[in-house]
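Comments concern the structure below.
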Amino acid sequence: MEFYEVINRRRSIRQFENREIPREVLERILDAGLKAPSSNHQRRWKLVTLTDKNLILDLAKFIRPYPCRVQEPKTPQQEMFQIAYPRQRTMIEEAACVILPYFKQKYPLSGEKNGYGLMDYGAAWALIENMLLAATAEGLGSVVHIPVKKEPEQIKEFLNVPDGWALPALVVLGYAVKDPLLPAQVKATVGNRVRWNKW
């Protein structure tokens, strides 16, 4: 698939077929992630990759579906809430693979004296985006779940992750069902989002 076609086709998919992903496909996706730029070229990443369905189902128990009171969405954001919130757990349960891209957290994200904590955090998101695009190129659906509240600590304990490692998101992969629910997209274009040479 041509690069810009991949960019245009990538969407957040939250409904998956009951179908395994070949190991070689997953290795290409993981390798694409590991090619991302990183802070000081350190690549302080460990990608915990779950393909065992029982482990994935156990992991999903820590993820709570969010309530959504929107009945008739009037905006793309409300439509996203209506589709995404109730599926936070089920999209993981249905997934063929869940990747947990941990990064070594050398500096706190909320440091008042400097913003160094954002360097490794930003690099982790570059890694995540590479994997999302690679998954699209491989014909897979993908979505991220950002762990909130007690989820990061519960997942850390479940996987026996050592102290000092942070989890920005879960990368959820699988083959999309036919006609998955997709919210309308907010139009972000060069014409309406780019300022040239001044604000």
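Any read-out appearing in this document is the output of simple, stated calculations on the displayed coordinates, not a laboratory observation. The model shown is predicted, which means the values in this text are computed figures rather than measured ones. Neighbour counts are summed over all protein chains in view; Cβ atoms, including those assigned to glycine, are modelled from backbone coordinates with ideal geometry.
Quick notes on this one:
- Three-way shape call for segment 141-198 based on the alpha-carbon gyration tensor, with the a/c threshold at 1.5: oblate
- Dividing the summed helix terms, -39500 (n - 2.57) for each DSSP H run of n ≥ 4, by the number of residues in the chain produces a 222 nm estimate of -11000 deg cm²/dmol to the nearest 500.
- For GluC sites (Glu not before Pro), the sites in segment 1-54 that DSSP calls loop and that have at most 15 other Cβ atoms within 10 Å are E2, E17, E20.
- Shape of segment 27-90, Cα gyration tensor, a/c cut at 1.5: oblate
- Each listed q (0.13, 0.16, 0.24 Å⁻¹) maps to a log10 I(q)/I(0) for segment 67-146 from the Debye sum over equal C-alpha point scatterers, namely -0.63, -0.85, -1.07.
- Kirkwood Rh, angstrom, segment 43-199 [1 / mean 1/r, Cα pairs]: 17.6
- For chymotrypsin sites (Phe, Trp or Tyr not before Pro), the sites in segment 32-118 that DSSP calls loop and that have at most 15 other Cβ atoms within 10 Å are Y116.
- Our note on the geometry: Cα centres of segment 114-158 and segment 33-111, 6 Å apart.
- Taking 0.36 nm per residue of separation and subtracting the Cα-Cα distance, full extension of the segment from N18 to V148 would add 44.1 nm.
- Shown here: segment 17-128, whose C-alpha atoms stretch 46, 39, 24 Å along the first, second and third principal axes, sorted largest to smallest.
- For the chain, the membrane-span-like helix rule (DSSP H, alpha carbon extent of at least 24 Å along the helix axis, mean Kyte-Doolittle at least 0.0) picks out 117-137; this says nothing about an actual membrane.
- Here the contact order of the chain, divided by its residue count and restricted to Cα pairs under 8 Å and six or more residues apart, works out to 34 percent.
- Length added when fully stretched, H41-E129, from 0.36 nm per residue minus Cα-Cα: 29.9 nm
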